[in-house]
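Peer 1: Would you mind keeping the following structure in view while I ask a few things?
The values are calculated or read from the model by the stated rules, or taken from the named source; none is laboratory data. Quick caveat, the model's predicted, so the values are computed rather than measured. Reconstructed Cβ throughout: ideal geometry from the backbone, glycine too, with neighbour counts over all protein chains shown. SASA here: full protein model, heavy atoms, side chains in, ligands and nucleic acids out. Shrake-Rupley method; radii C 1.70, N 1.55, O 1.52, S 1.80 Å.
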Amino acid sequence: MVKLQRLGIVISNKMQKSVVVAVEYRYKHQFYSKIIVRTKRYLAHDVDDSCNIGDEVLLEESRPLSKKKRWVVKTILNKAVIVN
């Protein structure tokens, strides 16, 4: 069985072992030929609590872990630069 994967950016890490990841979809409108950007938010399981806001992550589909959580953070591709 092939598991779905998504590439997104962490927008919230305030929960324990969970993160909210925003995934952007870009497509061309059929009539107006304009590029439209849609954003979908996924709740994902972060086992090590290692994700921070702004990190680029790879999500992988999994079994239902809670009411809304059906994705797992597979890898962190790019760490965010935190400037104070």
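Peer 1: Given a 1.4 angstrom probe, what's the average accessible area per residue across the chain, in square angstrom?
Peer 2: 77
Peer 1: Gaussian network model of the chain, Cα springs within a sub-10 Å range: biggest mean-square fluctuation belongs to which of Val20, Val37, Val73?
Peer 2: Val37
Peer 1: Which whole-number percent gives the relative contact order of the chain, counting Cα pairs below 8 Å spaced six or more residues apart?
Peer 2: With pairs under 8 Å counted, the relative contact order is 29 percent.
Peer 1: Then there is this: Within the chain, what whole-number % of the accessible surface is contributed by carbon and sulfur, with the 1.4 Å probe and all protein chains included in the calculation?
Peer 2: Ligands and nucleic acids excluded, carbon and sulfur reach 53 percent.
Peer 1: Mind sorting out which of (i) 45, 42, 21; (ii) 38, 28, 14; (iii) 44, 34, 20 is the real Cα extents along the principal axes in Å computed from the coordinates?
Peer 2: Read-out taken from this structure: (i).
Peer 1: Report the local net charge at Val37: Lys and Arg +1, Asp and Glu -1, summed over other residues whose C-beta lies under 9 Å from its C-beta.
Peer 2: Its environment carries a net charge of +1.
Peer 1: Also: ³J(HN,Hα) across region 18-29 via Karplus (A = 6.51, B = -1.76, C = 1.60, θ = phi - 60°), whole Hz, x for Gly/Pro?
Peer 2: 9, 9, 9, 10, 9, 10, 9, 10, 10, 8, 8, 5
Peer 1: Please calculate the 1.4 Å probe accessible area of His29, with all protein chains present, and give it to the nearest 10 Å².
Peer 2: So the heavy atoms of His29 present about 60 Å² to solvent.
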